[in-house]
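A.B. asks: One structure, pasted below without further comment.
Values in this text are rule-based calculations from the coordinates and carry no lab data. Computed from a prediction, not measured in an experiment: that's the story for all the values here. Here the Cβ positions follow ideal geometry from the backbone for every residue, glycine too, while neighbour counts run over all protein chains shown.
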Amino acid sequence: MVTTPAPEDLTHYGLGGQYATATPDGAGPTAQTRQTKIGVMLPHIGTGSGPAAIVNAARRAEALGFDTLWTIERLLYPTNPRSKYPVTEDGSLPIQYTQVLTPVETLTYVAAHTERIGLGTSVLIMPLHNPVVLARQLATLDVLSGGRLRVGLGQGWSLDEIEAAGSRMAGRAARADEFLKVIDAVWTTDPAEFSGDHFTLPRSILQPKPLQAPRPPIYLAAYAPSALERVGRYADGWMPSGVPLTAIGPMMEQVRASARAAGRDPDALELLIFAFSQILDRSPGPDRPDFVGTLDEVLQDVAAARAIGPTEIIFGPGYATGDLNLAAYTAELEQLGSLL
């Protein structure tokens, strides 16, 4: 698990202010002692996105008391996609993904306009990145933000994106294992080095390190049994998106079993649940998706999610509708503020 940088570490970089509460001696809180945090996706996608939109949303979320801000990653919007989008019934990409501000740069910009709120990626697609370069970029973001970084990683699903980045679908699992090991080496050892089948890092000094010790938390998006096992072996937590609430508990038990088998503390693993909420004037009926319905129904879903024991619930207001509507996003952000 991770601890928050000490004040003297922040002073070293000329920084101060608030940052997340630390856990003593690097030990993570158990499911019994955690309080559920509330996060929100930034409106950095869609035709209405831009500097003013994301700064206004970030500052308002911080003022309302949200704990974290999150960004997604989309590299491109193929006009003739070869992979179906796993969320929509027909496999089509939502129109809002035609314009997406890149996640790390967006968070770096937002860090300069906020003080305490956490900054997370959900998720960075590993096959689109070199782990050494990404580790350096993220360490810089952690330093510049005063130790507020949360890192969500995934393997991606779009053949078009992965091939455009010079990677390939085959062998993603083995590369993901090495990817995580390289990032950990860059962040926690000095000099750092790594030699594997897919990535190589000659013995080198890579500074500065992240402010958080021993490193920022790493969460994985995972669905297949082998991917859930990877969460238990390497990550600090699991972040499911689009998984029904009724399935999250049993799948999290698979993650904990993997951690136990790897000699890790299963109770120290975090669970971050995504809620792509849509608050409606009237109920869509008994077959409504989780977090879609009237405010009362969404609050019922929040209660059901909290009963699972997550570390955090992350809302995506407006993400469930075609092109992201900033007015709808802002209105729902205010309504969700009632949870805090």
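A.B. asks: For the chain, modelled as a GNM with alpha-carbon contacts under 10 angstrom, which of Arg260, Arg175, Arg82 fluctuates the most?
C.D. replies: Looking only at Arg260, Arg175, Arg82, the largest GNM fluctuation is found for Arg82.
A.B. asks: A further question follows. Run lengths n ≥ 4 of DSSP H only: what is the helix-derived mean residue ellipticity at 222 nm for the chain, with -39500 (n - 2.57) per run over all residues, to the nearest 500?
C.D. replies: The helix contribution divided over the chain gives -10500 deg cm²/dmol.
A.B. asks: Another question, then. Around Lys37, which amide H atoms from residues at least 5 apart in sequence, or from another chain, sit under 5 Å from its own amide H, with H modelled in the peptide plane?
C.D. replies: Glu312, Ile313
A.B. asks: Okay, next question. Check the straight Cα-Cα distances from Lys181 and name the aspartates and glutamates below 13 Å, setting aside those fewer than 8 residues away within the same chain.
C.D. replies: Glu193, Asp197
A.B. asks: Separate question: Using only alpha-carbon positions, what ratio does the radius of gyration of the range 140-192 give when scaled by 2.2 N^0.38 Å?
C.D. replies: Working: Rg = 14.1 Å, N = 53, 2.2 N^0.38 = 9.9 Å.
Compared with the compact-globule rule of thumb, the range 140-192 sits at 1.41.
A.B. asks: Shifting gears a bit: Note down the relative contact order for the range 7-339 as a percent, whole number, built from C-alpha pairs under 8 angstrom at least six residues apart.
C.D. replies: With pairs under 8 Å counted, the relative contact order is 19 percent.
A.B. asks: Pick from Ala327, Ala53, Ala275 the residue whose mean-square fluctuation is largest in a GNM of the chain, springs joining Cα atoms under 10 Å.
C.D. replies: Residue with maximal mean-square fluctuation among Ala327, Ala53, Ala275: Ala327.
A.B. asks: Take peptides 42-48, 56-62, 250-256 and line them up by average Cβ neighbours within 10 Å, highest first, as a rough protection proxy.
C.D. replies: With the highest mean Cβ count within 10 Å placed first, the list reads 42-48, 56-62, 250-256.
A.B. asks: I want the local charge near Ser338. Using Cβ-Cβ distances under 12 Å, sum +1 for each Lys or Arg and -1 for each Asp or Glu among the other residues.
C.D. replies: That works out to -3.
A.B. asks: Kindly list the residues of the range 292-316 that lie in the label zone of Thr246, defined by a backbone N under 20 Å from the point 7 Å along the Cα-to-C-beta vector.
C.D. replies: 292-294, 297-310
A.B. asks: Tell me the relative contact order for the range 217-340 as a rounded percent, counting alpha carbon contacts under 8 Å between residues six or more apart.
C.D. replies: Computed over the range 217-340, the figure is 20 percent.
A.B. asks: As an exercise, find the ratio Rg/Rh for the range 84-194 from alpha-carbon atoms, using the Kirkwood inverse-distance average for Rh.
C.D. replies: Values: Rg = 15.6 Å, Rh = 15.6 Å.
Across the range 84-194, the Cα-based Rg/Rh ratio is 1.00.
A.B. asks: Among Ser122, Ser83, Ser145, which one shows the biggest mean-square fluctuation in a GNM of the chain, springs joining Cα atoms closer than 10 Å?
C.D. replies: In this elastic network of the chain, the residue with the biggest mean-square fluctuation among Ser122, Ser83, Ser145 is Ser83.
A.B. asks: Enumerate the amide H contacts of Gly120 below 5 Å, restricted to partners 5 or more residues apart or on another chain; note that Pro and chain-start residues carry no placed amide H.
C.D. replies: For Gly120, whose amide H was placed from the backbone, the distant partners under 5 Å are Leu69, Trp70, Thr71, Arg150.
A.B. asks: Report the calculated FRET efficiency for Ala63 and Ala112 (r = Cβ-Cβ distance, R0 = 25 Å), to the nearest 0.05.
C.D. replies: On the way: r = 17 Å, r/R0 = 0.67.
Taking R0 as 25 Å, the efficiency between Ala63 and Ala112 is 0.90.
A.B. asks: Where Lys and Arg each count +1 and Asp and Glu each count -1, what net charge lies around Ser195 among other residues with Cβ under 15 Å from its Cβ? Don't skip to the end; give the middle numbers.
C.D. replies: Working: positive: Arg175, Lys181, Arg203; negative: Asp177, Glu178, Asp184, Glu193, Asp197.
Cβ neighbours under 15 Å give a net charge of -2.
A.B. asks: Another question, then. Starting from the Cα coordinates of the range 185-329, work out the convex hull volume and express it per residue in Å³.
C.D. replies: Expressed per residue, the convex hull around the Cα atoms of the range 185-329 is 170 Å³.
A.B. asks: Determine ³J(HN,Hα), in whole Hz, for all residues of the range 102-107 in sequence, where each value follows from phi through the Karplus function 6.51 cos²θ - 1.76 cosθ + 1.60 and θ = phi - 60°; x replaces Gly and Pro.
C.D. replies: 5, x, 5, 5, 4, 5
A.B. asks: From the backbone phi of the range 152-162, what are the Karplus-calculated ³J(HN,Hα) couplings (6.51 cos²θ - 1.76 cosθ + 1.60, θ = phi - 60°) in whole Hz, Gly and Pro given as x?
C.D. replies: Whole-Hz 3J(HN,Hα) from phi for the range 152-162: x, 10, x, 9, x, 9, 8, 4, 4, 5, 5.
A.B. asks: Report Rg (one decimal) and Dmax (nearest whole number) for the chain, counting Cα atoms only, units Å.
C.D. replies: Values for the chain (Cα only, Rg and Dmax): 19.2, 61 Å.
A.B. asks: Now, a different point. Any chance you could check the Cα centroid distance between the range 36-55 and the range 186-260 for me, in angstrom?
C.D. replies: Rounded to whole Å, the Cα centres lie 25 Å apart.
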